[in-house]
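Student: One structure is given below, represented as structure tokens, and several questions about it will come after.
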Amino acid sequence: MTDRLLALVVDDDTTVRDVVGRYLDRAGYRVDVASDGEQALRTIATSPPDVVILDLMLPRLGGLEVCRRLRSSKIDIPIVMLTALGEEEDRVLGLELGADDYVTKPFSPRELVLRVASVLRRSRELPVRDAGIEPVVDGDLRVDIPGRRASLAGRELTLTMREFDLLAFLVRRPGQAFTRAELLERVWGWDFGDQSTVTVHVRRLREKIEQNPTEPTRISTVWGVGYRYDRAAE
């Protein structure tokens, strides 16, 4: 069926590609595969998938570099990373580069399929759900939620899908404090997962919308709770 979503599985391990591909196929996806980073980029350029399942440890061109190139080219394809247990620093860096989720090896293929479905559902539901919402203007920050665009002092910001989702959620609820678990559930749509994902995305957002990210005035840390968006002083 040509209307099935296309998933690209990028891993140099033949067994992983086969197992993940088989589970995705059973879940109703079309599956393409690549064994290294360079092949993955060529495949994406010629036949863009709906989602990429990307191993970090790849020959010829690593997964982090693949992720960086995709995001710097503004290709907004959801990315689910595959990482090993000892790759926490790389996992955090991958999230900072714009990956949408990760699964740690060894993993359950069923969990991976659920993660893929969650990322895709989020990316496709938001434009419909947010239709008709007026842009939010806070000082020199403008967030056009239906258009999924944000600008600061007239300069358009380059945000990943998750960064924009988080910003849009917070600016519409100024003054309200949310725990990381609440943000994970209400922005990511997960009732499970590593809450450090939220921390990484908050840090990335601060780097893009705060005058001084080390002393944020918009996205404030509420000690013992989580985060709160504070509007600029009138």
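Student: Compare the Cα positions of 77, 139, 15 along the charge dipole of the chain (+1 at Cβ of Lys, Arg; -1 at Cβ of Asp, Glu; about the Cα centre) and return the one farthest towards the positive end.
Tutor: Final value for the positive-end residue is 139.
Student: Rounded, prolate or oblate: which one fits region 6-128, using the alpha carbon gyration tensor with axes a ≥ b ≥ c (rounded when a/c is under 1.5, else prolate when a/b beats b/c, else oblate)?
Tutor: rounded
Student: Moving to a separate point now. Amide H neighbours of residue 57 under 5 Å, counting only residues 5+ apart in sequence or on other chains, H built in-plane at 1.01 Å?
Tutor: 63
Student: Separate question: Assign unit charges at the C-beta atoms only (+1 for Lys and Arg, -1 for Asp and Glu), then state the dipole size of the chain relative to its Cα centre in Debye, rounded to the nearest 20.
Tutor: 500 debye
Student: In nanometres, what is the gap between the two model label sites at residue 134 and residue 176, each 7 Å from Cα along Cα-to-Cβ?
Tutor: Once both label points are built, they end up 1.8 nm from each other.
Student: How far apart, in nm, are the 7 Å Cα→Cβ label points at residue 217 and residue 121?
Tutor: Label at residue 217, label at residue 121, 4.0 nm between them.
Student: Nearest 20 debye, what's the magnitude of the dipole of region 6-128 about its Cα centre given +1 on Lys and Arg Cβ and -1 on Asp and Glu Cβ?
Tutor: 460 debye
Student: Also, I was wondering about something else. So for the chain, averaging the separation of alpha carbon pairs under 8 Å that are six or more residues apart and normalising by length, what relative contact order in percent results?
Tutor: 13 percent
Bear in mind that the values in this text are calculations on the coordinates, not laboratory data. Not measured: the values here are computed from a predicted model. All Cβ positions, glycine included, derive from the backbone under ideal geometry; neighbour counts span all protein chains shown.
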